[in-house]
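The values are calculated or read from the model by the stated rules, or taken from the named source; none is laboratory data. Note that the structure is predicted; figures quoted are calculated from it, not measured. Heads up, the Cβs are rebuilt from the backbone with ideal geometry, glycines too, and the neighbour counts pull from every protein chain shown. Side chains are part of the model used for accessible areas, which takes the heavy atoms of the whole protein and leaves out ligands, DNA and RNA. Shrake-Rupley method; radii C 1.70, N 1.55, O 1.52, S 1.80 Å.
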Amino acid sequence: MNYLGLDSKELEGVAMHLNKLLASYNIYYQNLRSFHWHVRGRSFFDLHNLFEQYYNEAKTQIDDIAERILTIDHKPDGSLHKYLDKTEIEESKDLLNDEEMARHVLHNQSELIKLMRTIIKEASKVEDEGTVDVISGMLSQMEKN
């Protein structure tokens, strides 16, 4: 049943990019969890709280991305090996100092923003305004962060 009025075949590219974003968000999420656990130094209190805020936001966005992939009648990836194959985000090292962690988070967010902009362009080409709306909201929040 095509209740969206969109061609599932035309949405394959959008789904592929969404799965890349899903993979990247999962690695970003895990990096944030690790940073939250391991942060030390003079910025401990600020960064500890900020990393928790970011990973809680990421957890919600991961679910939103997967649900959007399902909504456009495609399958979201759900395994770590697929995430590691598709991600644009590097796994962080465990022993970074507080400033390195902050730089790493900014770099991760920059990569996510690039992916989101690509998805918006691809979804617009096939008139998938639902995906444009979902990802635009995420992009706006990420830019604000």
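The figures follow:
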item: Flag for S24 being under 14 Å from H104 (Cα atoms), over 10 Å from the mean Cα position of the chain (by Cα), part of a helix (DSSP H, G or I) and of a type in the set (G, A, S); result: no
item: Residues of the range 55-86 satisfying the condition of being assigned to a loop (DSSP other than H, G, I, E, B) and open to solvent by 60 Å² or more (accessible area, probe 1.4 Å); result: D73, K75, G78
item: Condition met for L21 (hydrophobic (A, V, I, L, M, F, W, C) and surrounded by 13 or more Cβ atoms within 10 Å (Cβ to Cβ)); result: yes
item: Pair list, Cβ under 8 Å, 6 or more apart: the range 75-96 residue farther than 14 Å from Q30 by Cβ, other residue in a loop (DSSP other than H, G, I, E, B); result: K86/D77
item: Residue in the range 90-104 that is closer than 24 Å to Q53 by Cβ, of a type in the set (S, T, Y) and at pLDDT 95 or above present; result: no
item: Output for the range 1-21, where each listed residue is at pLDDT below 75 and of a type outside the set (S, T, N, Q); result: M1, Y3, L4, G5, D7
item: Pairs where the first residue, in the range 43-61, is closer than 16 Å to Y28 by Cβ and the second is open to solvent by 70 Å² or more (accessible area, probe 1.4 Å), C-beta under 9 Å, 6+ apart; result: F51/W37; Y55/Q30
item: Qualifying residue in the range 127-139 (condition: in a helix (DSSP H, G or I) and touching an Asp or Glu at 6+ places or on another chain (Cβ under 8 Å)); result: yes
item: Single condition L32 does not satisfy, out of (1) assigned to a helix (DSSP H, G or I); (2) more than 14 Å from the chain's Cα centre (by Cα); (3) in contact (Cβ under 8 Å) with a residue 60 or more places away in the chain; (4) more than 17 Å from L18 (Cα to Cα); result: (2)
item: Residues that are polar (S, T, N, Q) and open to solvent by 50 Å² or more (accessible area, probe 1.4 Å), drawn from the range 114-137; result: T118, S124
